[in-house]
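Report on the following structure.
The values are calculated or read from the model by the stated rules, or taken from the named source; none is laboratory data. Not measured: the values here are computed from a predicted model. Glycine gets a Cβ as well: all are built from the backbone with ideal geometry, and neighbour counts include every protein chain shown. To get the accessible areas, we keep the full protein, side chains included, count just its heavy atoms, and leave off ligands, DNA and RNA. Shrake-Rupley method; radii C 1.70, N 1.55, O 1.52, S 1.80 Å.
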Amino acid sequence: MTDLVATTPGLFPLPDWAKSELSDLKGHQKGDLISGDDGPELQDAYDRARSEVVDVQTDAGLDRVVEGQLRWDDMLAHPLAVHDSVETRGIVRYYDNNNFYREPVVQDDLTFDGDVATELEAAAEQVDDGLQAVLPGPYSLADLATDEHYGDETEFLHAVADFLAGEADAFPAVETLFLLEPSLVENAPDEGLDSEVPEAVSAVADAVDAEVVVHPYWGALDEKVYAHLLDADVDAVGFDFVSDHEANLYNLQEYGATDDIALGLLDGQNTLVEEPEAINERVDWVFDNLPVAEFDTTYVTTNTETFYLPYSKFEAKVQAAADAVALAETEVQA
């Protein structure tokens, strides 16, 4: 019997009070976004907001708790956007949606920064068990950035991977690390670079003593990309069953999977809140359609980040994921 784990891929919406307070503190221009040099008032507001979203997760009963990535004004590009070797330039569209981020332009070596570790350490003071880290995957972070230093896409990919590995190595003890890789779907690597992705992902995964989940979303991976990704040294690969259940199921049926699996079954961008029973039916549907469904751990999660949602709907999605896993465990014990 697989162990069901309720979690999220992080990147939460700000609480309503924090959105208003931070708007007043930061201003409304591109230059007012987080740069890594937060003043005391900003830091205090983010600390209080982080504490609140951690409480939301623990009160709901999630098995894995993230710090929320509330400071990530640039979404997945954040770790580069705050780096000293990176210049942020114009506003560009964040994939194919109505969100935007500052273009991070790498102009020097990507040395250790420690920004994400600092956030995790703050969350670790509040989480006794089940802390989960979140990072952009190396391919997605490289894809969202512009390279004006390394001069070769393969070298740049591995430089970004080494940078993320250094950041991950500084983390406090975590149970799980989610590497978010939407670019593997949205802008799949060309032939040649696709075979480099497993090594890059493995470099980050090997930097932590934790279960590592690579989570692509906004569709299904191309078959060749998926087959390559299975060579990475990770515990689980994620599947966005909200955006494309048939193609994701095909990849699983045709190529198999890792020992663990992450199922994106709740819609991270839609305000409709799924019922726990419906979530469990979706888990059963996936397993019923696989020739072998003996996963050690199954992560039940939203398919995407939830920062698109109103805060109250984010809270409801978190509760629904936790309730679904609790309900499934109760049914097994009955």
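For the stretch 138-288, the solvent-accessible area works out to 39 Å² per residue, with a probe of 1.4 Å and every protein chain left in place. With a Förster radius of 25 Å applied to the C-beta separation of residue 273 and residue 169, the computed FRET efficiency comes to 0.10.
Identify the residues of the stretch 260-275 with backbone N under 14 Å of a label point that sits 7 angstrom from the Cα of residue 313 along the Cα-to-Cβ direction, or state none. Within reach of a label on residue 313, which here means backbone N under 14 Å from a point 7 Å along Cα→Cβ, the stretch 260-275 contributes 266-274. Our summary of shape: the Cα atoms of the stretch 141-262 have principal axis extents of 40, 34, 22 Å, ordered from largest down, in whole angstrom.
Other residues lying with their Cβ under 12 Å from the Cβ of residue 319 contribute a combined charge of -3, Lys and Arg counting +1, Asp and Glu -1. What separates the Cα centres of the stretch 265-334 and the stretch 39-99 is a distance of 23 Å. Using only alpha carbons, the stretch 234-273 has a radius of gyration to Kirkwood radius ratio (Rg to Rh) of 1.03. Its Cα centre serving as origin, the chain has a Cβ charge dipole (Lys and Arg +1, Asp and Glu -1) of approximately 1080 debye.
A dipole drawn for the chain from +1 and -1 charges on Cβ atoms has a positive end, and of 293, 25, 183 the residue lying farthest that way is 25. Treating the Cα atoms of the stretch 234-334 as identical point scatterers in vacuum, please give the log10 of the normalised Debye intensity I(q)/I(0) at q = 0.24 Å⁻¹, two decimals. Once normalised to I(0) and log-transformed, intensities are -1.33. Using the Cβ-Cβ distance between residue 255 and residue 84 with R0 = 51 Å, the FRET efficiency computed as 1/(1 + (r/R0)^6) comes to roughly 0.80.
Given 10 Å bins starting at zero, what is the percent of C-alpha pairs of the stretch 267-308 in each, up to the one with the largest pair distance? P(r) over the stretch 267-308, rounded to whole percents: 24, 47, 25, 4. As a rough guide to protection, the peptides 13-19, 115-121 ranked by mean Cβ packing within 10 Å, highest first, stand as 115-121, 13-19. Here the spin labels are modelled as points 7 Å beyond Cα on the Cα-Cβ line, and at residue 59 and residue 128 they lie 1.8 nm apart. Pairwise Cα distances in the chain exceed 33 Å for 21 percent of all pairs. Taking all Cα pairs closer than 8 Å and separated by 6 or more residues, the relative contact order of the stretch 182-327 comes to 22 percent.
On the chain, 41 percent of the accessible area sits on carbon and sulfur atoms, based on a 1.4 Å probe. Scaling against 2.2 N^0.38 Å puts the C-alpha radius of gyration of the stretch 43-189 at 1.06. Once the chain from residue 186 to residue 289 is taken as fully extended at 0.36 nm per residue, the excess over their C-alpha distance is 34.5 nm. When only the Cβ of Lys, Arg, Asp and Glu is charged (+1, +1, -1, -1), the dipole of the stretch 76-210 relative to its Cα centre reaches about 500 debye.
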